[in-house]
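Read-outs: derived from the displayed coordinates by stated rules, not from any lab. What you see is a predicted model, and the numbers here were worked out from it, not measured in a lab. Cβ: placed from backbone, ideal geometry, glycine included. Neighbour counts: every protein chain shown.
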Amino acid sequence: MSELEIQVAGQVLATDAQGFLKDRLAWTASVGREIAKREGITLNDEHWEVIHYFREYYEDYNIPPPMRMVIRVFKKAFGDENANSRHLLSLFPEGVAKSASKYGGLPKPKNCK
């Protein structure tokens, strides 16, 4: 297995050089956990809420959601004090859009390095 692959439940999946899945349809929650684990992140319920929101939005619009919309949506889930970019960055230190997309098996957002 090379650095450009991830193995989960006996299945070997191809990734790009930054760890994004090449086939988003191969994604499962186990794959998301393994990708996050490789980056030192243990996914909790808050992570999953964001990841699932990103996946649903991507399915509808074929792009990741804008951060303003993410914050607005998560005011209901996290409360006013935690629905801000600071809290979201504490969950996804490498960047919310980049990490939520990666852990969710989505392509790397165009505006991320």
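Below, the figures for the structure above:
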read-out	value
Amide H within-cut-off set for A83, under 5 Å, with H built and near neighbours excluded	none
Above-threshold pairs, the threshold being 19 Å between Cα atoms, out of K22/K102; K76/K110; K37/K110; K22/K108; K22/K110; K37/K76	K76/K110; K37/K110; K37/K76
Dipole magnitude (debye, nearest 20) for region 1-103, charges at Cβ of Lys, Arg, Asp, Glu	200 debye
Peptides ranked, highest mean first, by Cβ atoms within 10 Å: ranges 94-107, 6-19	94-107, 6-19
Helix-derived mean residue ellipticity, 222 nm - over the chain, DSSP H n ≥ 4, -39500 (n - 2.57), to 500	-14500 deg cm²/dmol
Positive-pole candidate from I51, W27, I63, dipole of region 5-103, charges at beta carbon	I63
Mean Cβ count within 10 Å, highest first, over the residues of peptides 29-40, 47-58	47-58, 29-40
